[in-house]
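The structure under discussion appears below in the form of structure tokens.
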Amino acid sequence: MRYELYPNNPIANVRQVRKRTIEPSILEPAEIAAILRELGGVEPVRTAFLLAAVMGMRRSEIFGLKWADLDFERAILHVRRSYVDGIIGGTKTDSSRRPLPIPEQALKALHDWKRKSDFTASDDWVFASEFHFGKQPLWPGTLWQRNVAPAIKQAGITKPKLGWHTLRRSFASLLLSEGASLHVSMELMRHSTPR
């Protein structure tokens, strides 16, 4: 179409359904706490789960973190890259690059994890894979299937379609239920528009 090779767009009249067929699941704070209890001692999975739950981070942002992205003194986290299916890339949007305040429980968990980790240089991955000698991050899907899904089952939670993004939606839902303004929610979720 751009080069005017065709007189009309062959997919211009295709209907696209934008409505969700299934309402996405949201975890309540008590359910998140129950999962965290089940993940006790399972590191670094518990810490990654905690970051997603209390900071609303995308899984690509969590597993793209390097130690240099964390300012422990000021309790600020800088999202500088993403990690998706073995590929290191930029953030989803320019707004995604905004620094985030690190809540106290996440800051403590990150401190504790750094003390236990074998890979703690500033250019090392926060969630480095020992299998790959720290040269790449852990795979989020594998961690979910091996550790988080069993913890969810042990916690007695039976909601359908749970994944890393469920934690981001749950964080957004919690912000709204606690009366956070649209502007504050937008900033913490790092959305570029209020929509």
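The values are calculated or read from the model by the stated rules, or taken from the named source; none is laboratory data. No experiment lies behind these values; they were computed from the predicted model shown. Cβ atoms come from the backbone with ideal geometry, glycine included; neighbour counts cover every protein chain shown.
Taking the range 61-76 only, how many residues are out of contact with any helix residue (DSSP H, G or I) (no Cβ under 6 Å at 6 or more places or on another chain) and over 14 Å from ASP123 (Cα atoms)?
Just the residues of the range 61-76 that are out of contact with any helix residue (DSSP H, G or I) (no Cβ under 6 Å at 6 or more places or on another chain), to begin with: 61, 64-74, 76.
This time we only want the ones that are over 14 Å from ASP123 (Cα atoms), so: 61, 72-74, 76.
Count: 5.
GLN154: surrounded by fewer than 17 Cβ atoms within 10 Å (Cβ to Cβ) and within 20 Å of ARG58 (Cβ to Cβ), yes or no? Taking the combined requirement at face value, the residue does not satisfy it. Search the range 92-115 for residues being at pLDDT below 95 and small (Gly, Ala, Ser), and hand back the single one that is surrounded by the fewest Cβ atoms within 10 Å (Cβ to Cβ). Residue satisfying both the conditions and the ranking: SER95. Identify the single condition in (1) of a type in the set (A, V, I, L, M); (2) within 18 Å of ALA52 (Cα to Cα); (3) exposed (fewer than 12 other Cβ atoms within 10 Å of the Cβ) that LEU162 does not satisfy, given that it satisfies every other one. Here LEU162 clears every test but (3). When PHE133 is tested against the conditions (1) assigned to a loop (DSSP other than H, G, I, E, B); (2) in contact with a Leu (Cβ under 8 Å, 6 or more places away or on another chain); (3) aromatic (Phe, Trp, Tyr), the lone failure is (2). So ASP118 clears everything in (1) surrounded by 12 or more Cβ atoms within 10 Å (Cβ to Cβ); (2) touching an Asp or Glu at 6+ places or on another chain (Cβ under 9 Å) except one condition, right? Which one? All conditions are met except number (1). Taken over the range 77-134, the criterion of being β-branched (Val, Ile, Thr) and under 17 Å from MET57 (Cβ atoms) is satisfied by VAL79, VAL84, ILE88, THR91, THR93, ILE102, VAL126.
Candidates are the residues of the range 151-195 that are more than 19 Å from the chain's Cα centre (by Cα) and assigned to a helix (DSSP H, G or I); the one that is modelled with the lowest pLDDT is HIS183.
Among the residues making up the range 125-138, those that are surrounded by 12 or more Cβ atoms within 10 Å (Cβ to Cβ) and either among the β-branched types (Val, Ile, Thr) or touching a residue at least 12 places away in the same chain (Cβ under 8 Å) (or both) are TRP125, VAL126, PHE127, GLY134, GLN136, PRO137, LEU138. Restricting to the range 87-120, and then to whatever is part of a loop (DSSP other than H, G, I, E, B) and touching a residue at least 60 places away in the same chain (Cβ under 8 Å), can you tell me which residue is nearest to ALA48 (Cα to Cα)? Ranking the qualifying residues of the range 87-120, first place goes to SER117.
Would you point out the residue of the range 34-91, among those that are among the hydroxyl-bearing types (Ser, Thr, Tyr) and more than 16 Å from MET189 (Cα to Cα), that is surrounded by the fewest Cβ atoms within 10 Å (Cβ to Cβ)?
Residues of the range 34-91 among the hydroxyl-bearing types (Ser, Thr, Tyr): 47, 60, 82-83, 91.
Checking which are more than 16 Å from MET189 (Cα to Cα) leaves us with 47, 83.
Numbers: THR47: 24, TYR83: 22.
The selected residue is TYR83.
The condition (being part of a loop (DSSP other than H, G, I, E, B) and at pLDDT 90 or above) is satisfied by just one residue among GLU73, GLU61: GLU73.
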